[in-house]
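The values are calculated or read from the model by the stated rules, or taken from the named source; none is laboratory data. Remember, it's a predicted structure, so these values are computed and weren't measured experimentally. Areas reflect the complete protein model, heavy atoms only, side chains present, ligands, DNA and RNA absent. Shrake-Rupley method; radii C 1.70, N 1.55, O 1.52, S 1.80 Å.
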Amino acid sequence: MPPPTAILSLLARRPKSRQASTASTPSPRPRTRAPPPRHPLSTPAPPRRRPRPPAPDHLTEKELAVFAKLARELRPEELQVQDVSGGCGSMYAIEIASARFRGLSTMQQHRMVNGVLGEEIRGWHGVQLRTRVA
């Protein structure tokens, strides 16, 4: 039989069992993947903004004013403005598709367009308005 000091030294060198070590120490946190490295010169992408639709060349001065005001305020993806009064500017047909209409009823969409046009619309005899969500 080996001397008692030799047995103690063998026990000291032996690794502790997993069960004994987990009971005395907290379990390690699960590992998560690190995000991929970014290029040092890259910058975050700016938020996407849809470009305003370009004004058609055939618009009259009054049509262009209505087009510009709606494009600036509602940022539509599609916009058409046409003077249907024969050129006197008293009645317009407007078709507009905008993301700002999302979640609104047709009546609310029309009120939004009427609110943007404000005083200009009061001098008109009528408006043919078609709105939709883009």
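As a ratio to 2.2 N^0.38 Å, the alpha-carbon radius of gyration for region 61-132 is 1.02. Compared with the direct C-alpha span, the chain from Ala65 to Trp124 gains 19.8 nm at full extension, assuming 0.36 nm per residue. In this structure the amide hydrogen of Ser85, modeled in the peptide plane, comes within under 5 Å of the amide hydrogens of Ser90, Met91, none closer than 5 places in sequence on its chain.
Accessible surface of Leu59, taken over heavy atoms with a 1.4 Å probe and every protein chain present, rounds to 20 Å².
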